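For reference, the structure is listed below as structure tokens.
The values are calculated or read from the model by the stated rules, or taken from the named source; none is laboratory data. From a predicted model like this one, the values you see are computed outputs, not experimental measurements. Glycine also receives a Cβ, built like all others from the backbone with ideal geometry; neighbour counts cover every protein chain displayed.
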Amino acid sequence: MTQQTTARYTWGGDEFLFVEIAEGMSLEANFISNSIANALEARDLAGIVDICPANASLLVRFDPDILPWQELEQVVHVLEDEVRASTNKVLETRIIEIPVWYNDPYTNETGARFREGYHQRPEGNDLDFAAEVNGLADAEEFIKRHHESPWLVSMVGFVAGLPFLFQLVEREKQLEVPKYLSPRTDTPALTVGYGGCFSCVYSVRGAGGYQMFGIAAAPIFDPSQALEDFADFMIFFKPGDIVKFKPVDEAEYRRIRAEVEAGTFRYRQTPIDFHLQTALADPDGYTLSLLEALNGI
Amino acid sequence: MAFDILEAGLSTTVQDQGRIGYYRFGIPQGGSMDQYSATLANRLVGNTAAEAVLECTYIGPKLVTRADAVIAVTGAPVDVFVNGEIRAEYERITLVAGDELKFGVIKGGTKYFIAVHGGIDVPEVLGSRSTYPIGAIGGVEGRALAAGDLVPVGAAIDNGLPALQSIDVVDRPVFSRDVNVRVMLGLYDHHLSAEGLESLLTSEWVLTPVADRMGLRYSGPGVGWKDREQPFGAGQDPSNIVDAGYAVGSIQIPGGTQPIILHRDAVSGGGYAMVATVISADMDLVARCSPGTKTRFVAVTMDQALDARHDYSARAARIWS
């Protein structure tokens, strides 16, 4: 895959600058997008309204009455050059454990309602389909591949607090699953989904086109801010977060739900520095060191 | 002070100037879909432009005021009734405690706005009172109004301006069934074939009934895409991209068939190529269109978009001077 040496700058009307780092998804492109976003945030420029880093691109909303568009483009160009030239490609972030009940009855029931006209394969469930298109033996093997290596939150959005996740494995090991042929009108809240090379966790109930593999046990969007993890903000995930999915059975899922109801649930998480070059050079070894950080809590 | 909601209407929500700055988390800007109409209503009742109003969709609510109130209705043409007597839109209306407000059949557009002196006084969430139903925040319990709701109205405001009895006809918005919407090409327009681009800009697109605060879908001849190898992670259809942030007002054409304009409650990102964006000055115009409206997308430059933005601001500023 060719890595673009400079981003493509284009405009979404008179209020949005769109910066495409690369056409294809890669860890490097995402790292550059997030780094430019952080650097732009740090500049605290008058007229910047919203900075939305995405998988391999960046969307910046600005007020052209305050910040002339030519000036914004110039500033971002300079930041892009700085980010690309920097040898210190380290992201201060955290690793979080997300308990998931894979192959659960909630998503399976919903999946069964959206087969004919929605799904590529009417028989079996979404996990069976995902295993088949990836040449894996069965759903169990797919589930193992999904949770054994950690993921990077490459973007937050679509709806409130929904994380897109990109798995920290070599390109050859990356799982790819087509989206539904036509989007469902219903998806249970906290469904763990999959489309293209991205996993996601649906923060709220609603429409969705990603394949459904399981259900996360604890909320990731909490407008009531009842849980401790939401004391500062109603949205849990930030771009750059590292996620380790932990498979749980029904009993553990119910136990976590009870803790959520009681207001006592806390996510297991710990701060880490994410080193891009190490992650690219030795994905498997680096994955182990990330997991050790989490296991050391 | 409060309104008792006897009937909710089809989809009546609390809206203001929007919840700006949280799009990065997937929370849309929201706000009155037709900002200019909403600002006229606020001007008539003696508010500032920032007060929250009720946005009505096709069928408005039936409500009773618990105290004397000054209200105004603006936006899409509709008959306004106070205790069964017809009253004019775009005029200041005085209600006394116990008066009943209801509406006739909408005669154009889709959205009209009820402002009340003091503003709709639901709690602010992330700096705005606008309703975001998917995230269940803002408005009344994060949802559209329901019968039985008590909608709080804020205390009196002094906006420092002389009272205005009615909006001059020249200052009122027009509700047309045939519109030119100005757009700026860009984002992923280079993925369109030459014929696809020409089709986008020369075809007559017709607004379908699949239109709401999130987006508006148009029927027409469709567009073609250039042949290309899809990059890693983008998905197989030529209309797919690696999921990216969506500009508010951007136009995507899933499968190349029906263009969708994302509006104020847009999803913040996704995997469909955007090929143009409605300029900020024409977002209200799009909000005023009802299904069946013939629409042409007219390409303008950034400078033309900024001139139009300036004209829009100047028009709104005149109302507040």
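Tabulated values for the structure
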read-out: Among (1) touching a residue at least 24 places away in the same chain (Cβ under 8 Å); (2) away from chain B (no Cβ under 12 Å); (3) not in a strand (DSSP E or B) - the single one A:Glu123 does not satisfy; value: (1)
read-out: Number of the condition not met by A:Glu71 [criteria: (1) in a helix (DSSP H, G or I); (2) more than 27 Å from A:Cys200 (Cβ to Cβ); (3) in contact with a strand residue (DSSP E or B) (Cβ under 9 Å, 6 or more places away or on another chain); (4) not aliphatic (A, V, I, L, M)]; value: (3)
read-out: Residue check, B:Thr94 β-branched (Val, Ile, Thr) and closer than 20 Å to B:Asp212 by Cα; value: no
read-out: Strands (runs of 3 or more DSSP E) wholly inside segment B:49-139 containing at least 2 residues that are over 16 Å from B:Gln15 (Cβ atoms) and in contact with a Pro (Cβ under 9 Å, 6 or more places away or on another chain); value: B:100-103
read-out: Leading residue by the ranking (surrounded by the most Cβ atoms within 10 Å (Cβ to Cβ)) among those in segment B:21-60 that are under 15 Å from the mean Cα position of the chain (by Cα) and within 14 Å of chain A (Cβ to nearest Cβ); value: B:Gly30
read-out: Residue list for segment A:236-292, filter: part of a strand (DSSP E or B) and under 30 Å from B:Tyr23 (Cα atoms); value: A:Ile242, A:Val243, A:Lys244, A:Phe245, A:Lys246, A:Gln269, A:Thr270, A:Pro271, A:Ile272, A:Asp273, A:Phe274, A:His275
read-out: Among the candidates A:Arg145, A:Arg84, A:Arg94, residue that is within 30 Å of B:Met184 (Cα to Cα), touching a residue at least 24 places away in the same chain (Cβ under 8 Å) and not in a loop (DSSP other than H, G, I, E, B); value: A:Arg84
read-out: Meets criteria (within 14 Å of chain B (Cβ to nearest Cβ), in a helix (DSSP H, G or I) and surrounded by fewer than 18 Cβ atoms within 10 Å (Cβ to Cβ)) for A:Glu41; value: yes
read-out: Every residue from segment B:236-263 that is in contact with a His (Cβ under 9 Å, 6 or more places away or on another chain) and within 10 Å of another protein chain (Cβ to nearest Cβ); value: B:Ile241, B:Val248, B:Gly249
read-out: Pair list, Cβ < 8 Å and 6+ apart or interchain, from segment B:149-162 residues that are free of Cβ contacts under 8 Å to residues at least 40 places away in the same chain and in a strand (DSSP E or B) to residues that are surrounded by fewer than 16 Cβ atoms within 10 Å (Cβ to Cβ) and among the acidic types (Asp, Glu); value: none
read-out: Unmet requirement for A:Ile95, which otherwise passes all of (1) in contact with a Leu (Cβ under 6 Å, 6 or more places away or on another chain); (2) among the β-branched types (Val, Ile, Thr); (3) within 14 Å of another protein chain (Cβ to nearest Cβ); value: (3)
read-out: Matching option when the condition is surrounded by 15 or more Cβ atoms within 10 Å (Cβ to Cβ), at negative phi and of a type in the set (Val, Ile, Thr), among A:Ile66, A:Ile48; value: A:Ile48
read-out: Boolean, A:Asp65 is over 28 Å from A:Gly161 (Cβ atoms) and within 10 Å of another protein chain (Cβ to nearest Cβ); value: yes
read-out: Selection within segment A:206-235 - in a loop (DSSP other than H, G, I, E, B), within 11 Å of another protein chain (Cβ to nearest Cβ) and either farther than 21 Å from A:Tyr267 by Cα or of a type in the set (Gly, Ala, Ser) (or both); value: A:Gly206, A:Ala207, A:Gly209, A:Tyr210, A:Ser224
read-out: Candidates A:Ala46, A:Ala22, filtered to the one that is at pLDDT 95 or above and under 17 Å from B:Ala273 (Cβ atoms); value: A:Ala22
read-out: Checking A:Asn30 against (1) of a type in the set (S, T, N, Q); (2) part of a helix (DSSP H, G or I); (3) surrounded by fewer than 17 Cβ atoms within 10 Å (Cβ to Cβ), the condition it does not meet; value: (3)
read-out: Long-range neighbours under 6 Å by Cβ, at least six apart or interchain, first residue surrounded by fewer than 20 Cβ atoms within 10 Å (Cβ to Cβ) within segment B:107-128, second part of a strand (DSSP E or B) and of a type outside the set (Val, Ile, Thr); value: B:Asp121/B:Pro152
read-out: Criterion violated by A:Arg84 - all others in (1) within 30 Å of A:Leu190 (Cα to Cα); (2) away from every other protein chain (no Cβ under 14 Å); (3) of a type in the set (Lys, Arg) satisfied; value: (1)
read-out: Condition met for B:Ala266 (surrounded by 22 or more Cβ atoms within 10 Å (Cβ to Cβ), small (Gly, Ala, Ser) and more than 9 Å from chain A (Cβ to nearest Cβ)); value: yes
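Each row is one residue, and each column tells you yes or no for (1) facing chain A (nearest Cβ under 10 Å); (2) buried (at least 16 other Cβ atoms within 10 Å of the Cβ); (3) part of a strand (DSSP E or B).
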site	(1), (2), (3)
B:Arg217	no, yes, yes
B:Gly233	yes, yes, no
B:Gly271	yes, yes, yes
B:Gln304	yes, yes, no
B:Ala317	no, no, no
